[in-house]
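The values are calculated or read from the model by the stated rules, or taken from the named source; none is laboratory data. The shown structure was predicted, so the numbers you read here are calculated from the model rather than taken from an experiment. Counting neighbours? That spans all protein chains shown, and the Cβs are built from the backbone with ideal geometry, glycine included. These area figures cover heavy atoms from the full protein model, side chains too; ligands, DNA and RNA do not enter into them. Shrake-Rupley method; radii C 1.70, N 1.55, O 1.52, S 1.80 Å.
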Amino acid sequence: MQSLQGLQCLCALTVLVLSKGVAAQYSSDLCNWKGSGLTHESHRKDVEQVYLRCSEGSVEWLYPTGALIINLKPNMLSSTSKHLTVCIKPFKDSRGANIYLEKTGELQLLVQDGDKSPNKVYCFGFDQGGLFIEASPQLDISRKITGFQYELIHQKAISDLHTMSAPCRPCSDIEVLLAACTSDFVVKGSIGKVTNDEEQQEALIDVNVEKLYRQKNKIFMPKEKGWVGAIRTLLECGVKPGEGDFLFMGRMHFGEPRLGCAPRYKDFQRMYREAKDKGLNPCEVGME
């Protein structure tokens, strides 16, 4: 613990000392940045500023040396910034640097170099600070690439992202009703099969869709009767094939459909009708 704290203090000092002399780099497409430590290998203590202006994208740092400060400056009204959550998902083979959350010179380790947690997503409030990436000391920087995808998510959507805390907790009635109004996909269907991916610690759920209420992307494709598609969830949630209809809801997360709430359809019908009778339904949903 003391060595980690010492490292954090050293890194914080690096930020403070070098902040006046850092070089600024702007992403060519404002969403993604790709750079190489070889451009300043002779100045291994250089700190570069990178500015990104999209709500999602990626950072790829080849042969990391020195450090990067990632500035996420989305083209949104400043009043909404405090309601944003930032999530990053390291590349599968990312290595060569530690990733910190930095605010006013204070550092908190977010992703340690060499962490092999598959598909792990790290999230923090937009106002909690920015990203500081420091290359690990090493004699050979070849074949080292540090990279991650990032997303900025409005906090109202957080409850639907089951990569957050309590990922397998059943949704409450209120959460189900809100999810039906705000999710990227809402479909009535049944589970065809479940494929477990032990390496990625995920389950791929094949869904046979009877009624398509909404889909943001082409997740579910038409077939002779209805639609068919696949959505992902964590393996620890223990999803298994079974009979009956469900209302599958969720969001696109790092380009993939992630399962949020999935009550049995008859239970959703009950929740919706009870809320509508009391005038408390948050939106209209076409019921059968």
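Suppose each label sits 7 Å from its Cα in the direction of the beta carbon; what would the TYR51-ARG273 distance come out to in nanometres?
Going by the 7 Å Cα→Cβ label model, 5.7 nm.
At 1.4 Å probe size, what's the solvent-accessible area of LYS34? Round to the nearest 10 Å².
Near enough 140 Å² of accessible area.
Over the heavy atoms of GLU106, what accessible area does a 1.4 Å probe trace out, to the nearest 10 Å²?
Here the residue's solvent-accessible area equals roughly 130 Å².
Which shape class, rounded, prolate or oblate, goes with segment 193-288 when its Cα gyration tensor gives a ≥ b ≥ c as root eigenvalues, a/c under 1.5 marks rounded, and past that a/b bigger than b/c marks prolate?
Cα axes put segment 193-288 in the prolate bin.
Round to a whole number: what % of the accessible area of segment 170-263 belongs to carbon and sulfur, probe 1.4 Å?
51
Just report the Cα centroid separation between segment 97-122 and segment 186-200, whole Å.
Rounded to whole Å, the Cα centres lie 30 Å apart.
Using a 1.4 angstrom probe on the protein heavy atoms only, could you order LYS144, LYS223, LYS211, LYS218 from most to least accessible area?
LYS218, LYS223, LYS211, LYS144
With labels modelled as points extended 7 Å from the Cα through the Cβ direction, what inter-label distance (nm, one decimal) is found for ASP197 paired with LEU109?
2.8
What does the net charge come to around ILE145 if you take all other residues with beta carbon closer than 11 Å to its beta carbon, with K and R at +1 and D and E at -1?
Combined, the nearby Lys, Arg, Asp and Glu give +3.
For the pair ILE174 and GLN138, how long in nm is the line joining their label points, each one 7 Å along Cα→Cβ?
Result for the modelled spin labels: 4.8 nm.
Round to the nearest 0.05 the FRET efficiency obtained for LEU30 and PHE91 when R0 = 22 Å and r is the Cβ-Cβ distance.
0.60
Can you give the accessible area of THR182 in Å² (nearest 10), computed on protein heavy atoms with a 1.4 Å probe?
Result for THR182: roughly 70 Å² accessible.
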